[in-house]
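Everything below concerns the one structure shown next.
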Amino acid sequence: IQDGTKSMWIATMTHDPVHVGDIADAIGFPDAHDGHLALARAEVKDSQIFAPITPKPAAVKELMASGNLFDLVSVEGVVAASVREAAQDEYVLVNDGQIFTAIYRNGGPMASPMKEIPVGSRVRAIGICSQEDSNRFVAMLPFEILLRTRDDITIVAHPSPLSPRNLLLLIGLLLAVLFAVGARGWLVERKGRRQTSALAYI
């Protein structure tokens, strides 16, 4: 949950539905999660009052510095790979030379198909910044973005047509055209020689 610029990790076993963007109350036991205050064995009560939080635009290096742990953030990156695992969809993104992941918990085997995003697309991921081992005294640590819904990752720019794969295909096509033109020229020349030889004997 997040209130303004302050956020907290809530660990709960409840199955009561909680809608993203609603004001909620949490009651639980104080605990620590990645060195930060958290609530364990908590109960979360949804007030049904919709008051969504605006995600904070953040740079990759800012997120790696553990300054926005558990905050709702927005970050961009280029898709390097995507894979569906047993219980989550994972997108590997690259920005400013750094690799990070955007993860959507898909609900398991009965989940709808993974949202397909072409490799090389520039995307915007909105979600909760999470780190396996946060430490404010360490300069840079890897992080991941926990997507709340499938729509939290959107395409900002499609892959450039001048990708290495497309360039190889274009070169292959040009070579094929050159070969075809050369072969046709050779056949025409050979046919001309035969006709010339035939006329010489007349």
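Observations, loosely collected:
- In the range 32-49, the residues that are acidic (Asp, Glu), at pLDDT 90 or above and open to solvent by less than 80 Å² (accessible area, probe 1.4 Å): Asp46
- Any chance Ile117 is crowded, with 16+ Cβ neighbours inside 10 Å, of a type outside the set (S, T, N, Q) and not in a strand (DSSP E or B): yes
- Filtered residue count, the range 57-80, keeping only those that are open to solvent by 30 Å² or more (accessible area, probe 1.4 Å) and either at positive phi or not small (Gly, Ala, Ser) (or both): 5
- Residue within the range 47-58 that is in contact with a His (Cβ under 9 Å, 6 or more places away or on another chain) and more than 18 Å from Ile155 (Cβ to Cβ) present: yes
- Any chance Ala111 is at negative phi and either buried (at least 16 other Cβ atoms within 10 Å of the Cβ) or free of Cβ contacts under 8 Å to residues at least 24 places away in the same chain (or both): yes
- Scanning the range 78-114 for residues that are closer than 16 Å to Thr149 by Cα, assigned to a strand (DSSP E or B) and hydrophobic (A, V, I, L, M, F, W, C) turns up Ala102, Ile103.
- Selection within the range 1-31 - open to solvent by less than 70 Å² (accessible area, probe 1.4 Å) and part of a strand (DSSP E or B): Gln2, Ser7, Ile10, Ala11, Thr12, Asp22, Ala24, Ala26, Gly28
- Among the residues making up the range 148-202, those that are part of a helix (DSSP H, G or I), at pLDDT 75 or above and within 30 Å of Ile103 (Cα to Cα) are Arg150, Asp151, Asp152.
The values are calculated or read from the model by the stated rules, or taken from the named source; none is laboratory data. Bear in mind that the values here come from a model prediction, so they are computed numbers and not experimental data. Neighbour counts are summed over all protein chains in view; Cβ atoms, including those assigned to glycine, are modelled from backbone coordinates with ideal geometry. Keep in mind that these areas ignore ligands, DNA and RNA; they rest on the heavy atoms of the full protein, side chains included. Shrake-Rupley method; radii C 1.70, N 1.55, O 1.52, S 1.80 Å.
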